[in-house]
Amino acid sequence: MNVPVNPFKQALRNRRMQLGLWSGLSSHVTVEVLANAGFDWLLIDTEHSPNELPMVHAQLQAVARGATHPIVRPTWNDTVVIKRLLDIGAQTLLIPFVENADEARQAVAATRYPPLGVRGYAAAARASDFGRIKDYPHACEEQLCVLVQVETPAALANIEAIAEVDGVDGIFIGPGDLAASMGHIGQIGHPDVVTAIDDALARIRASGKPAGILASDEKLARHWIEVGVDFIAVGSDTGLLARGAEQLAAKFRNAA
């Protein structure tokens, strides 16, 4: 038995744009519904969602029924948190709030076994199919994908240094926190924010690393696809449910 191939990582290497959706409802039922909805990847969020480890475990089991690749965002760039997510089978992680090369190296080290990193060893975790993948410690690195999230002007200034870190597989721009840190909280479409993101995306790709972003606004999403992104989330399960429910209620309320 071999380590499962990471299709998302392979697609990024081949520069095939990957379309994604954000998942914050913290439900294995929701994830199972979305797993065959047509997206290449689904972000299982724990930073801004009421998700705990057993819940993420169940969501990874649910998404395995579909064709969508799960990406998990930890609560923080924390070695212990990352270790636990890897052990339950996450192959791709989006590490939030990475500001510089040292923090990027810390994120990568948390995903590597010694001597390359500091990941703790477990003989029979879900990641190794409970010990059935005998060469897992030696073979897993090739299929692990480490994405780091830059979300402040300081982090954007360090893009080239972050991109040089061995083991960083992609750089993701967090537009919400970037806008806030630029003094435009809640205004992702502000011209200054859009200009900063356009420049950052170009620099990420020029560095040789895949570039990603979240854009729930259709106009902005289409703009950044045209600018050039390698992976993009174009909405969220929370947004789909909330806006869809409001529109349905309004349709019949107005008719009444």
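The values are calculated or read from the model by the stated rules, or taken from the named source; none is laboratory data. Keep in mind the model is a prediction, meaning the values are calculated, not measured. Glycine also receives a Cβ, built like all others from the backbone with ideal geometry; neighbour counts cover every protein chain displayed. SASA here: full protein model, heavy atoms, side chains in, ligands and nucleic acids out. Shrake-Rupley method; radii C 1.70, N 1.55, O 1.52, S 1.80 Å.
See the values below:
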item: Answer residue from the range 134-164, given it is of a type in the set (A, V, I, L, M, F, W, C) and in contact with a Pro (Cβ under 9 Å, 6 or more places away or on another chain) and is surrounded by the most Cβ atoms within 10 Å (Cβ to Cβ) among those; result: V148
item: Flag if H184 is assigned to a helix (DSSP H, G or I) and of a type outside the set (V, I, T); result: no
item: Count of the range 18-39 residues which are touching a residue at least 24 places away in the same chain (Cβ under 8 Å), over 19 Å from L53 (Cα atoms) and surrounded by fewer than 17 Cβ atoms within 10 Å (Cβ to Cβ); result: 3
item: Residue under evaluation S207, criteria (1) open to solvent by 40 Å² or more (accessible area, probe 1.4 Å); (2) within 20 Å of Q10 (Cα to Cα); (3) touching a Gly at 6+ places or on another chain (Cβ under 7 Å), criterion not met; result: (3)
item: Every residue from the range 169-191 that is open to solvent by 20 Å² or more (accessible area, probe 1.4 Å) and in contact with a helix residue (DSSP H, G or I) (Cβ under 9 Å, 6 or more places away or on another chain); result: D169, S181, M182, G183, H184, I185, G186, Q187, I188, G189, H190
item: Residue check for S216: touching a strand residue (DSSP E or B) at 6+ places or on another chain (Cβ under 9 Å), open to solvent by 60 Å² or more (accessible area, probe 1.4 Å), of a type in the set (G, A, S) and in contact (Cβ under 8 Å) with a residue 12 or more places away in the chain; result: yes
item: Residue ranges of helices (runs of 4 or more DSSP H) in the range 86-175 with at least 2 members among the acidic types (D, E); result: 101-109
item: Options A35, A11; residue that is among the small types (G, A, S) and under 22 Å from A139 (Cβ atoms); result: A11
item: Test set (1) touching a Gly at 6+ places or on another chain (Cβ under 7 Å); (2) within 27 Å of G228 (Cβ to Cβ) - L60 fails condition number; result: (2)
item: Of all residues making up the range 1-45, the number that are of a type in the set (S, T, Y), in contact with a Leu (Cβ under 9 Å, 6 or more places away or on another chain) and at positive phi; result: 0
item: Residues of the range 1-21 classified as touching a Gly at 6+ places or on another chain (Cβ under 7 Å) and over 14 Å from C145 (Cα atoms), total; result: 1
item: Pairs where the first residue, in the range 152-173, is within 17 Å of V229 (Cβ to Cβ) and the second is surrounded by 19 or more Cβ atoms within 10 Å (Cβ to Cβ) and of a type in the set (K, R), C-beta under 6 Å, 6+ apart; result: A163/K209; G170/K209; I171/K209
item: Lone qualifier among R73, R84, R105 - being modelled with pLDDT of 95 or more, open to solvent by less than 20 Å² (accessible area, probe 1.4 Å) and among the basic types (K, R); result: R73
